[in-house]
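Below: one structure, written as structure tokens.
The values are calculated or read from the model by the stated rules, or taken from the named source; none is laboratory data. Only a predicted model underlies this, so the values are computations on that prediction, with no experimental measurement involved. When we count neighbours, we look across all protein chains shown, and the Cβ atoms used for this are built from the backbone with ideal geometry, even at glycine.
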Amino acid sequence: MKNLTESEKTLSNESSNGILEIRKYPDPVLKKISEPVTVFDDELEDFVKVLFSSMRVHDGVGLAAPQVGVLKKIAVVEYDGKSYVLINPKVVDQKGLQEGEEGCLSFPGIYAHVTRPQWVKIESNDVHGDTVTFEGEGYTARAFLHEMDHLNGKLFIDYLSSLKRNAIKKKAAKHTGGHF
Ligand SMILES: [Zn+2]
């Protein structure tokens, strides 16, 4: 994960630079199921670029389209110096289990332990519509799966016990200052 410079932080408060606002829980868009991408054009390519820049400005390792209010099966992940574009992604193989702490740009300041596969193989489309496969292990696998869950309206708190989930819901409600 990268550290932000002050200038980048200032940039994120401006609306004219193409940086997208991150929808925060409990925004209902986060619980909706995204539509598959069927048109692979310049607009898609531009959106992927903006998704990457929005993710970087917010110091994330991944960002999914529904988190910026776009219900399309598109997500980006950037970790350990590698960037991945996930369009209509699906898990085609997985191995092992890992438990670890996870955060989400839609839940500022909230972290929870989530068990996920240790290794996954993903089949995806690239921005041109070609089918590509890539693998991820450890935290990269976790990031793929977390972002892919977003495309199906599933949030990391859905893996927790109802007791823990309710505690997080209360904390998130405080964060949003009762705007919802
Ligand atoms: Zn998330």
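Please find, within segment 103-124, the residue that is surrounded by the most Cβ atoms within 10 Å (Cβ to Cβ) out of those that are assigned to a strand (DSSP E or B) and hydroxyl-bearing (Ser, Thr, Tyr).
Once the filter is applied, the top-ranked residue is 124.
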Where residues in segment 104-122 are within 16 Å of residue 154 (Cβ to Cβ) and among the small types (Gly, Ala, Ser), which of them is nearest to the ligand (Cβ to nearest atom)?
106
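Looking at 91, 85 in this structure, which one is under 19 Å from residue 54 (Cβ atoms) and in contact with a strand residue (DSSP E or B) (Cβ under 9 Å, 6 or more places away or on another chain)? Steps first, please.
On the way: 91 fails: under 19 Å from residue 54 (Cβ atoms).
The unique qualifying residue is 85.
Looking at segment 126-135, can you tell me whether even one residue there is within 19 Å of residue 156 (Cα to Cα) and modelled with pLDDT of 95 or more?
Just the residues of segment 126-135 that are within 19 Å of residue 156 (Cα to Cα), to begin with: none.
The answer is no; no qualifying residue exists.
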Failed condition for residue 163, given (1) outside any loop (DSSP other than H, G, I, E, B); (2) of a type outside the set (Asp, Glu); (3) at pLDDT 95 or above, with all others met?
(3)
If residue 44 satisfies all but one of (1) in contact with a Lys or Arg (Cβ under 8 Å, 6 or more places away or on another chain); (2) more than 20 Å from residue 140 (Cβ to Cβ); (3) among the hydrophobic types (A, V, I, L, M, F, W, C), what's the number of the condition it fails?
(1)
